[in-house]
Amino acid sequence: MRLALDLFTVLAVSAGAFFFLAGTVGLLRFPDVLTRLHALTKADNLGLGLIVLGLLPRAEGPLAALKLLAVWLFALLAAATVAQLVARVALRRNGRSPGGSAAG
Amino acid sequence: MAEFLVAAAAFLLITVAAGLVRILQGPTAADRMMAAQLLGTGGIAVVLLLAAAAERPAAVDVALVLALLAAFAAVAFVKGATSSGSGDPELPEDDRG
């Protein structure tokens with residue numbers, strides 16, 4: 001049973017790290033402000049979510065596991081809100097071109 | 001097991017460091033803010049991994065505070081970006097408070 005949990009942790013944490021990498025590559029390679037924001041926020045939250053998922057079996061008690069989930073939930077809410085705000089600023093700065101590529 | 005967690009944390013740090021390149025070349029301020037947001041989220045993940053590796057549950061609170069600060073940094077950026085400091089970029093320029 002212990003081995004299964006460890007294997008689960010290894011798989012989930014490596015998947016989370018992969019999504020972080022995808023988010024960072026998206027941040028660096030994408031041409032447009034809004035696409036970068038999309039890639040970054042989505043990949044980040046998924047990466048953090050998988051890492052928290054992987055760390056859950058290692059948490060001491062239900063309370064510690066709950067706190068881990070709380071961290072992820074808060075990061076999720078914060079990132080979602082921030083993505084909206086930053087996107088509005090980016091739109092505002094580069095003129096009303098939500099569709100076109102922002103002249104960033 | 002702890003070694004794997006520390007290795008994953010190191011990998012995340014490298015990923016976040018690569019993400020910081022966007023701050024150097026980011027054309028707009030929004031890009032730089034996104035890289036700072038990535039730093040925040042990546043930092044949270046690293047702190048959580050190290051907390052699990054070193055069996056220190058107290059470090060989870062550090063990650064919680066870091067999540068809070070990352071959110072406030074972005075909100076401060078948005079408030080700074082709007083001329084009136086109202087933080088609502090949707091307001092048309094002319095009738096701002």
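The values are calculated or read from the model by the stated rules, or taken from the named source; none is laboratory data. Since the model is a prediction, treat every value here as computed from it, not as a measurement. So basically every Cβ, Gly included, is an ideal-geometry build from the backbone, and we count neighbours across all protein chains shown. Areas reflect the complete protein model, heavy atoms only, side chains present, ligands, DNA and RNA absent. Shrake-Rupley method; radii C 1.70, N 1.55, O 1.52, S 1.80 Å.
Please report the projected area of the protein assembly as shown's Cα convex hull averaged over all directions, in nm². Taking the Cα atoms of the protein assembly as shown, their convex hull projects to 11.4 nm² on average.
Based on Cβ point charges of +1 for Lys and Arg and -1 for Asp and Glu, what charge dipole magnitude is obtained for region B:2-82 about its Cα centre, in debye rounded to the nearest 20?
On the way: 4 positive and 4 negative charges, 61 e Å.
Value, rounded to 20: 300 debye.
Largest accessible area first, the residues A:Leu73, A:Leu63, B:Leu49 order themselves as A:Leu63, A:Leu73, B:Leu49 under a 1.4 Å probe with ligands, DNA and RNA left out.
Protein heavy-atom accessible surface, 1.4 Å probe, per residue over region B:2-82: 43 Å². Taking a sphere under 14 Å around the Cβ of B:Ile23 and counting the other residues whose Cβ falls inside, with K and R at +1 and D and E at -1, yields a net charge of +2.
Solvent-accessible area per residue for region A:2-93 at a 1.4 Å probe radius, Å²?
48
Accessible area buried by the pairing of B and A, both sides summed with a 1.4 Å probe, works out to roughly 4000 Å². Remark: region B:2-82 projects, on average over all directions, an area of 5.1 nm² (convex hull of Cα atoms). Averaged over peptide A:13-23, the number of partner chain Cβ atoms lying within 10 Å of each residue's Cβ comes to 5. Think of the protein assembly as shown as having a plus end and a minus end, set by charges on the Cβ of Lys, Arg, Asp and Glu; of B:Ala51, A:Ala43, B:Ala2, A:Ala43 sits farthest toward the positive end of this dipole.
How large is Rg/Rh for region A:2-93, to two decimals, with Cα atoms and a Kirkwood Rh? Please list the in-between numbers first.
Values: Rg = 15.4 Å, Rh = 14.2 Å.
Ratio value, two decimals: 1.09.
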